[in-house]
Amino acid sequence: MKFWEGEGEVMTDWQVAVIDESQTGGWFVLHCRQQFFCSAHGPLWRRDGRERQLEGVLSEQGIGYWQGEPVFVLELSEALAAPLPGGYWKGLRQFLVEGDRPAFRLLGYAAQIATWARQHRFCGGCGVALQPLAGQRAMACPACHVHFYPRLSPSIIVLVTRGDHLLLARSPRFANGMYSTLAGFVEPGESIEACVHREVAEEVAVRVENLRYVTSQSWPFPHSLMLGFHADYAGGEIVPQPEEIVDARWFALDQLPLLPPPGSISRYLIDLYLAHRQGHAEPPLPP
Ligand SMILES: [Zn+2]
């Protein structure tokens, strides 16, 4: 199956599917806490029986097809130094930064499913061990019959602008000197638009108007869906939120600070705005 997206890009390598673990052959990836165990050839390992000898496997999930062959993700209880010979652990973020789009899609999905499987082994209602629901990506409680599906946490990310000036902020978690767009999780009962207004007000105390939805990005750290906006400044003085924002200010578009890496939706929102102001070609969509 092929599917189209973005700027005419064809994704043929990776297709999500629910695959029973009794199926033989194909590939597996080893995951633990946002890391994948890689050989010199990458994160995919031949499913040849070695995976059955591994210790500390919490779950195995058939997640889809890579170039037509089934792929399974094995969740390890801890990141052992060398679960298989000749490999090393590599963080999911690194795949994003390196710009390998199909690999990031596969591994981002694998990480979300493996993390969900790790955290849904027992029912939150009654404590009984959960069982996989045949043919679906879901766990079921045999006692209270509740189904648990993979979690998605919608969040907003917004570039606030005032003509040739961009409002960018620093979180205490950022690499030294890096500034980015504002972001935050949607709260229960809230619309996406209300979330944009609230997050901007909370983080930098300014008002915005003319929200324009731009694009979205699956953000598997660990299970967000980022909804990206552009918004116009409408009033107020910047007051950084204590604890959350260490600095926030207006930057002229020809004097920007260190920005998030290409591939992130935050960088895309910034690059797209610059392209429109400066009359350049639009940047490629984030993976
Ligand atoms: Zn239950």
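The values are calculated or read from the model by the stated rules, or taken from the named source; none is laboratory data. Everything numeric in this text was worked out from a predicted model, so none of it was measured. Every residue, glycine as well, gets a Cβ built from its backbone with ideal geometry; the counts of neighbours run over all protein chains shown.
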Check whether at least one residue in the range 88-95 is closer than 20 Å to G25 by Cβ, hydroxyl-bearing (S, T, Y) and either away from the ligand (no atom under 16 Å from the Cβ) or not in a strand (DSSP E or B) (or both), and report yes or no.
no
Checking the conditions here, which among L76, L54, L96, L58 is out of contact with any Phe, Trp or Tyr (no Cβ under 6 Å at 6 or more places or on another chain), in the same structural domain as A17 (by TED's automatic domain parsing), buried (at least 18 other Cβ atoms within 10 Å of the Cβ) and under 24 Å from P150 (Cβ atoms)?
L76
Looking at this structure, is S153 more than 28 Å from A275 (Cβ to Cβ) and under 20 Å from the mean Cα position of the chain (by Cα)?
yes
How many residues, within the range 109-130, are more than 10 Å from the ligand (Cβ to nearest atom) and under 13 Å from L58 (Cα atoms)?
9
Only one of R151, R162, R173 is away from the ligand (no atom under 16 Å from the Cβ), loosely packed, with under 12 Cβ neighbours inside 10 Å and of a type in the set (K, R). Can you tell me which?
R173
Filter result (assigned to a strand (DSSP E or B) and either of a type in the set (F, W, Y) or touching a residue at least 60 places away in the same chain (Cβ under 8 Å) (or both)) within the range 135-163
F148, S153, P154, S155, I156, I157, V158, L159, V160, T161, R162
Residue among A134, A143 that alone is within 13 Å of the ligand (Cβ to nearest atom), over 24 Å from the mean Cα position of the chain (by Cα) and not assigned by TED's automatic domain parsing to the domain that holds R33
A143
Specify the residue that is surrounded by the fewest Cβ atoms within 10 Å (Cβ to Cβ); the eligible residues are those in the range 202-232 that are small (G, A, S) and over 16 Å from R162 (Cα atoms).
S216
Quick one: what pairs do we get from the range 115-134, first residue part of a helix (DSSP H, G or I), second more than 10 Å from the ligand (Cβ to nearest atom) and among the polar types (S, T, N, Q), C-beta under 6 Å, 6+ apart or different chains?
A117/S59; A117/Q61
For the range 15-33, does any single residue satisfy the condition of being modelled with pLDDT under 90 and among the small types (G, A, S)?
yes
Examine the range 237-252 for a residue that is more than 17 Å from S171 (Cα to Cα) and surrounded by 13 or more Cβ atoms within 10 Å (Cβ to Cβ), and state whether such a residue exists.
no
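For every residue, the table says whether it meets (1) farther than 26 Å from Q112 by Cα; (2) in contact with a helix residue (DSSP H, G or I) (Cβ under 6 Å, 6 or more places away or on another chain).
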position: V208; (1), (2): yes, yes
position: S216; (1), (2): no, no
position: W219; (1), (2): no, no
position: P222; (1), (2): no, yes
position: L225; (1), (2): no, no
position: H230; (1), (2): yes, no
position: A234; (1), (2): yes, no
position: I238; (1), (2): yes, yes
Testing V186 on (1) closer than 24 Å to Q112 by Cα; (2) surrounded by fewer than 19 Cβ atoms within 10 Å (Cβ to Cβ); (3) away from the ligand (no atom under 16 Å from the Cβ); (4) under 19 Å from the mean Cα position of the chain (by Cα), one condition comes back false. Which one is that?
(2)
